[in-house]
Structures are given as C-alpha cells and as structure tokens.
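Remarks on the structure that follows.
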Amino acid sequence: MAGFGWVSIVRLGLVQAAIGAIVMLATSLLNRVMVVEYALPAAIPAGLVAWHYAVQLSRPLWGYGSDRGNRRTPWIVGGMGVLALGALIAIDATVVMAGSPVVGGLLAVFAFTLIGAGVGAAGTSLLALLASGVAPGRRAAAAAVTWIMMVAGIVVAAGTAGSLLDPFSEQRLAIVGSAVALAAFLLSLIALAGVEKKALARTPEPISQEERTASFGDALREILADLEARRFTIFVFVSMLAYSMQDLILEPFAGLVFAMTPGESTQLSGMQHGGVLLGMIVAGLGGSAFAGRKPIDLRRWIVGGCLGSAAALAGLAIAATTGGDWPLEANVFLLGFANGVFAVAAIGAMMGLAGAGTRAKEGMRMGVWGASQAIAFGLGGLAGAIGVDIARSAIGVDGSAFQLIFAIEAGLFVLAAMMAVQATAARKTPLGMAKT
C-alpha cells in the first residue's frame, strides 16, 4: 500500500503526544493551581483556556498557508516552538497573578494567545501532513493511532508532573513545567526529522495551478458548500461541547469535594486520560479502524460512547453529594473510557470526510474541522467553569453545584447520541466512509 508506513505514522503520533503534553500544563495543571492553591475564581483559567481556543479559529488560515507553500514541517516546528514558549510564560504568569492580578492576568492572556497559535499551526499542519502521506485506506487508522498517542502523551506528562509536584511550591511548579515543555519540543523535532520527504516522495499527485492560486475565501466556500460536511459539523459541535465541559472542573471538583492534593488530582486527571486511551484502542480495534480496508459503520461506536459518557457523568453527579465513599477513581476511569470510544469513532468519521478531495486543500479542510472543534471546546470549558461558579454562588454548596453541571453535561451527551443517529440515517453511506 502506497503512503506512510506504520513507523512514520507512529513518529507523527509522537508529535501529537508532545502537543498533548504541553497543552496539559495549561488546561489541567495550571487550572488546578489557580483555583485551589491561589483561590482564584474558576472562570479565570476557564476564560484563558477559552481564549486559546478562540485563537485557534485561525486554523483555516494556518492550513491555507501550508497548502500554498506545499510544506508542512516548517509550520509544525514553528508551531511547537510557539506552543512551548507560551506554556513557559503561562507558568510565570500564574505565579505573578497571585501577587499582582492585573500584570499576571495580562501576561497570562499573552501566554495563552501563543499557546492557541502554536496548537493551531502545529496541529493543523500535522493532520494535513498525515492526509498527504497516508493512503486513503489507512487514514482512519492513522487518525486513531495519532490521537491515541496524544492521549498517551497527556497521561505520561500528567502522571510524571503529578508525582514530582508534591509537596507543592512555586519553584517546583516552574521546574516541572519547564522540563515537560522542553522535553516535548525536543521530542517533536526528533520525530519529524525526514518524515515529510517520504510523504512527498510517495504522493506525487500534481496540484493544478488553479488549486494552488485559489483565494482563501474561495477555498473556504467550496468546503462549506458540502452538505454532508455541514451536517456533521453540527454533530461535532454538540458532542465536543459535551466532551469538554468537565475538562476544567474535574480537578477543582476533586480538590473541593474530595479534598485531594494538587498531585492527587493531577494523577486523577491522568487516570481519566488513561481510560480515554483504553477506550480509543478498543473502539479502534472493534471498529476495524486498523484493518487494511474501509472502516465499517462507526455510528454504533459514537452512540455507545456518548451514552456511556452520559452514564459516567450521572455517576459523578451522585458522587458530588455522596462524598468520600464514592469510588471516584473508577468512575473517572469509566468516564475516560467512554469518552475514548466516542472520540476515536468521531475522529475516524471526520478523517473520512476531510480526507475526500484534492491534496491542495487538505490543510484547509483540516483547519475548518479544527476550528469547529475549537469553538466547541472553548465554549464547553468556559460554560462548565462559569456554571460551577454561578451554581456555587446561588446554591452555596460545592457538591450540589458540581452535581448540576455534571447533569447538564450528561444531557448534552444524550442529545449528541440522538443527533448522531439522525445524521447518519439520512446518509446512503456509513458514517466515516467517503462517498465514491
């Protein structure tokens, strides 16, 4: 089969793992430190994370730029450098914010702007490189492999950082965070060396002059004119909104309701991502994502993952008022497992749609999908955190406030499952399979 071999796919997966490791610092570790150690409102880190997703609305532009240059590696390396720099500045901003909220806040906004731009440039160009170098029959499998490795990077980074962070101190936070960012950046450089040359050598499909010179607006309108893509975008938005709502409140929930330390709650987050990893593997194998043929209907995996996530969130809602007797670790692991089943099936379907078309617009298509996800992730994280703040103020009981938000999130997952059934019912081809 022409295209990237599995070794090259795994090497690109290491870049995804590096991206996940650095992003974990901002969206998980620093979020916990701001809310629990520095007693800041949860809306502050949520707003910063939402801002970094808002910056990622520029993903179509990054994809368009790499399409025109016909080179992905410089965009990936540049993005990784900006991402690592943003993470280092974010750590400093968190420490400064404790004593000088205004200065620290402005520095944090700048840091998360860099983080959003870095993720957008590196992530979009990386997926476009996969689409360019991976044969059509392997695209869904390649998406699953790289996403699994990204989660693995988060798990390893969270577990390592969590074990080294106790007892907490600002100096220890700076050392651990800097080490993670530097190691991830160096790993991405090593993994990328020489990979794109293989992609270009194995995909000699010519790009027409018309495609090469198409304006950004024309390219965007052409992609959005696809009815199937627009319908799937709505499902992606709702499902990813539900998927992201617990991201910024799970660790504060563990600290405020279960009295966990920063290291313990970070390790709990790592346990959740470990469940995501296992769920992705199970869904990938069960859905024939790794076979050398077209993927089967992924609808049952998407629906099952959504409903399983809803059930696990219902368990967390019960845990919010039950307290220490609840098997929190097992519940969080099951939530991660269901999230992983849903995510790998949805990603496989997304690759099946975005991979259809010419090589000249692969980066642009990846950018459009990435921007759609970014909107949902930004709004979801912000809505969850602000919802907790409002509920804590109105109800006056931490457990009941978290219970309400977890229940709302479970409802969104049920809605997403219903939308997946409705969206796929109108298709003549299974979800995740491009029409021929």
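The values are calculated or read from the model by the stated rules, or taken from the named source; none is laboratory data. As the structure is a prediction and not an experimental result, all values here were calculated from the model. Cβ atoms come from the backbone with ideal geometry, glycine included; neighbour counts cover every protein chain shown. Only protein heavy atoms, including side chains, enter the accessible area calculation; ligands, DNA and RNA are left aside. Shrake-Rupley method; radii C 1.70, N 1.55, O 1.52, S 1.80 Å.
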Revision key, fill the gap. Of the listed residues (173, 189), the one being part of a helix (DSSP H, G or I), of a type in the set (A, V, I, L, M), within 20 Å of residue 45 (Cα to Cα) and modelled with pLDDT of 85 or more is 173
**Study point:** Inter-residue pairs, beta-carbon under 8 Å, first at pLDDT 50 or above and part of a helix (DSSP H, G or I) and in region 277-295, second surrounded by fewer than 20 Cβ atoms within 10 Å (Cβ to Cβ) and not polar (S, T, N, Q), 6+ apart
**Key:** 284/290
**Study point:** Elements of type helices (runs of 4 or more DSSP H) contained in region 1-69, each with 2 or more residues being over 28 Å from residue 190 (Cα atoms)
**Key:** 43-55
Exercise for review: Output the residues belonging to region 381-400 that are crowded, with 24+ Cβ neighbours inside 10 Å and farther than 13 Å from residue 54 by Cβ.
Suggested key: 384, 385, 388
Practice item. Name every residue in region 39-56 that is modelled with pLDDT of 85 or more, open to solvent by less than 20 Å² (accessible area, probe 1.4 Å) and among the hydrophobic types (A, V, I, L, M, F, W, C), in order of residue number. Key: 48
Check your understanding: What are the residues in region 65-91 that are over 23 Å from residue 14 (Cα atoms) and surrounded by fewer than 21 Cβ atoms within 10 Å (Cβ to Cβ), if any?
Key -> 65, 68, 69, 89
**Study point:** Out of 32, 59, sole residue that is of a type in the set (Lys, Arg), open to solvent by 10 Å² or more (accessible area, probe 1.4 Å) and touching a residue at least 40 places away in the same chain (Cβ under 8 Å)
**Key:** 59
Point to revise | Some residue of region 201-223 being of a type in the set (A, V, I, L, M), modelled with pLDDT of 80 or more and either closer than 30 Å to residue 302 by Cα or exposed (fewer than 13 other Cβ atoms within 10 Å of the Cβ) (or both) | key: no
Exercise for review: Within region 132-147, count every residue that is modelled with pLDDT under 80, under 23 Å from residue 286 (Cα atoms) and open to solvent by less than 10 Å² (accessible area, probe 1.4 Å).
Suggested key: 5
Revision key, fill the gap. Note on region 224-242: residues of a type outside the set (Val, Ile, Thr) and open to solvent by 60 Å² or more (accessible area, probe 1.4 Å) are 224, 225, 226, 227, 230, 231, 237
Exercise for review: May I ask you to say which residue of 108, 98 is touching a residue at least 24 places away in the same chain (Cβ under 8 Å), crowded, with 24+ Cβ neighbours inside 10 Å and not polar (S, T, N, Q)?
Suggested key: 108
Revision key, fill the gap. Subset of region 243-268, residues assigned to a helix (DSSP H, G or I), open to solvent by 10 Å² or more (accessible area, probe 1.4 Å) and among the polar types (S, T, N, Q), comes to 267
Check your understanding: If you check every pair at least six apart or on different chains, which have Cβ atoms under 6 Å apart with a residue in region 43-54 that is in contact (Cβ under 8 Å) with a residue 40 or more places away in the chain first and a residue that is open to solvent by 10 Å² or more (accessible area, probe 1.4 Å) second?
Key -> 43/386; 43/389; 46/382; 49/27; 50/382; 53/377
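Give region 321-337 a look and list any residue that's touching a residue at least 12 places away in the same chain (Cβ under 8 Å), open to solvent by 10 Å² or more (accessible area, probe 1.4 Å) and in a helix (DSSP H, G or I), or say none.
First, pick out the residues of region 321-337 that are touching a residue at least 12 places away in the same chain (Cβ under 8 Å): 321, 323-324, 328-329, 331-337.
Right, trim to open to solvent by 10 Å² or more (accessible area, probe 1.4 Å) and you get 321, 323-324, 329, 331, 333-334, 337.
If the condition is that a residue be touching a residue at least 12 places away in the same chain (Cβ under 8 Å), open to solvent by 10 Å² or more (accessible area, probe 1.4 Å) and in a helix (DSSP H, G or I), then 321, 329, 331, 333, 334, 337 are the ones that fit.
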Study note, to complete from the structure: Checked region 148-200 for anything closer than 23 Å to residue 278 by Cβ, buried (at least 19 other Cβ atoms within 10 Å of the Cβ) and not β-branched (Val, Ile, Thr); matches are 149, 150, 152, 153, 157, 158, 161, 162, 184
Check your understanding: Looking at (1) within 30 Å of residue 33 (Cβ to Cβ); (2) at pLDDT below 85; (3) part of a helix (DSSP H, G or I), which is the one condition that is false for residue 168?
Key -> (3)
